[in-house]
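Working notes, structure below.
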Amino acid sequence: MSSIMRHSPFNMEKKDYIYGINGPVVTVKNTKSFSMMEMVYVGNQQLVGEVIGISEESTIIQVYEETTGLKPGQQVVGTGGPMKACLGPGIVDRIFDGIERPLKAIEAKSGPFIARGCSAASLDQELLWDVTVQVKQGDLLSEGQIYASCPETSIITHKCIVPPGVSGKVIKVSSNGKYKVNDAIVSLEDSKGRIHDLTLCQYWPIRIPRKIKKRLDLKIPLITGQRVIDTLFPVAKGGAAAVPGGFGTGKTMTQHQIAKWCDADIIVYIGCGERGNEMSQVVDEFEKLVDPKSGKPMTQRTVLIANTSNMPVAAREASIYTGITLAEYYRDMGYHVAIMADSTSRWAEALREISGRLEEMPAEEGFPSYLPSRLSQFYERAGRVETLGGNEGSVTIIGAVSPQGSDFSEPVTQNTKRFTRCFWALDKALAYSRHYPAINWMSSYSEYFSDLDPWFLKNVGESFVRYRKKISTILYEEDKLMEIVKLVGSDVLPDDQKLIIEVAKVIRTGFLQQNAFHKDDTFVPLEKQYKMMKVILYLYKKAKQLVSASIPISRITNSGLFEKVIKIKYDVGNEEMDKLEGYIKDIDLEIDKIIKG
């Protein structure tokens, strides 16, 4: 929203006034001035609000700013349209609140906390952009086509696209040069003779998905560099994944790692109701981090939306829609975008609070009955698509869920599972034992295997899928054996079962566990993941042959082979993957020594 929009006079013929106030919910009596989901300005300070209920007697408005000090009798003014995001150059490398107000510009006006009624244009109105016009007079343009571009950051080129619903013949073109976001670059005349001036920016309602030409199959994985994700529970570009976990299990840390290292072109990080210090950490880390693909600061391909826990609760509800709209805008340019929503539970709590203020009938655990439909509206906006302009782009959603007491049976987690095909369940016991990422391999799952396996077989290795299945089988067998061990101890197990437990330990500590602070282990290429699995399974194969030949497993464990394989993740750098073939030879040599006795 721009400051121009805030002060524009709308619906001035009939004046409407506040009748009642209940927290962020404001009631206006006896009016027909407003439409459903219309953006309005409330009170003397023109607080931003949105119409969420209309009846013959009253209109219900949720206000996205602190309502302290509002009084009955103060005026409510409509804008004539829904809440919209301002889309144009200047979004990347900035931090916004839940309704797209730039926080640094707000800080310059009101200090470290957002003052009530404080406004600033979403995009810098005075900044000049170096624009290259890509069309000429007489060209025919349709919705979604690119008509100009400018370098938004040193990493991202901003492509100005014809807004949905607009098409026509180019009748006027500006020359290449420096322009502000509201300067007209191209003028179109449509089939009805109407003139459309295209600037560097456009507006789009945040609750309505942007138009696409068609959806594409999800056949390409989002590579994160995290072994437990890429190998065991992959997510597709354009897919949706849930990261549920109780307090302290590493949800934010997992999302930070994915945001830093995944192969998306742009990251949209939504801090929805999270602690302010966590958002400060995100900003600090991303400013210091170097993007591995470009060598430039990570912030130059990142958009941050911060709606911290001390900000108005209603704006928390809007923040994820703002974030997904920004992501879809860059998707329409042909970029692959990844959204980190941290946390959708705080968003659901905002829904519950507003529902309570509206005196709606509560459903399970007090959440409104429309919680599932709202979650689906968010996650269904993920996808890999062919855009209106013929480009390919995607939006991948990774939503954190914060169930109280790590209870995955609560409504937000259960309903999120209905709309995501990837579930990375964080385990409190793993986190407390310092096993990160604390993704429990027994309760997590991915439904993208059938879609992604052809890609892995073609681009990583012909045995990749077979190795993954074998790794999963060993972990599953270990889980069953540990139930016996807890009852009677491990000494009663035969050697072949003891071997499974030992190899599973190698997989857990040497493969699934990852050190975010180690230069080679924080991100691991798929090729190295593949070769690490190959070494681990080769060790298991050779050790199994020894056990079958009645050689005691103690002789194998005492050889130090298991410990050596566990240390591969530290001892072999990402640029030294040829060394992994040497481990195969070392295993053969050590096995020969054991056989010879």
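Where a number appears in this text, it was derived from the coordinates with a stated rule and is not lab data. The model shown is predicted, which means the values in this text are computed figures rather than measured ones. Ideal geometry is used to build each Cβ from the backbone, glycine not excepted, and the neighbour counts take in all protein chains shown.
Data table
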| item | result |
| --- | --- |
| C-alpha long axis of helix 313-331 to longest principal axis of the chain, angle in ° | 80 |
| Added length on full extension, which subtracts the Cα-Cα distance from 0.36 nm per residue, LYS178 to ASP453 | 94.3 nm |
| Modelled FRET efficiency - R0 56 Å, SER369 with THR157, Cβ distances, 0.05 increments | 0.80 |
| Degrees between helix 464-488 axis and first principal axis of the chain (Cα, 0 to 90, nearest 10) | 70 |
| Inter-probe distance in nm under a simple model that places probes 7 Å from Cα toward Cβ, at GLU575 and MET361 | 6.6 |
| Qualifying GluC sites (Glu not before Pro) in region 355-425, DSSP loop, other Cβ atoms within 10 Å at most 13 | GLU359, GLU380 |
| Dimensions in Å of region 380-430 - Rg and Dmax from alpha carbons | 15.2, 49 |
| Diffusion constant of the chain at 37 °C, which comes from Stokes-Einstein with the Kirkwood Cα-pair radius and 0.692 mPa s, µm²/s | 124 |
| At most 11 other Cβ within 10 Å, DSSP loop - chymotrypsin sites (Phe, Trp or Tyr not before Pro), region 416-523 | PHE517 |
| Shape box of region 282-377 [Cα atoms, principal axes, largest first, Å] | 53, 29, 18 |
| Region 64-132: GluC sites (Glu not before Pro) in DSSP coil with no more than 10 other Cβ atoms inside 10 Å | GLU126 |
| Rg/Rh ratio calculated on Cα atoms of region 478-597 (Kirkwood radius) | 1.00 |
| Global geometry of region 336-472, whether rounded, prolate or oblate, following the gyration tensor of its Cα atoms and the 1.5 cut on a/c | oblate |
| Two-site FRET efficiency, LYS296 against SER490, from Cβ-Cβ distance with R₀ of 45 Å, rounded to 0.05 | 0.30 |
| The chain - mean residue ellipticity at 222 nm from DSSP helices (-39,500 (n - 2.57) per run, n ≥ 4, rounded to 500) | -10000 deg cm²/dmol |
| Sorted peptide list for 72-81, 20-29, criterion being average Cβ within 10 angstrom, highest first | 20-29, 72-81 |
| Gained length - ALA429 relative to GLN134, 0.36 nm times residue gap less alpha-carbon distance | 100.6 nm |
| Helix 526-548 axis, angle to the chain major axis (alpha carbon atoms, nearest 10°) | 30 |
| Above-threshold pairs, the threshold being 23 Å between Cα atoms, out of LYS542/LYS579; LYS109/LYS296; LYS498/LYS579; LYS172/LYS192; LYS519/LYS593; LYS84/LYS251 | LYS109/LYS296; LYS498/LYS579; LYS519/LYS593; LYS84/LYS251 |
| Listed pairs LYS260/LYS288; LYS541/LYS569; LYS486/LYS569 exceeding 22 Å between Cα atoms | LYS486/LYS569 |
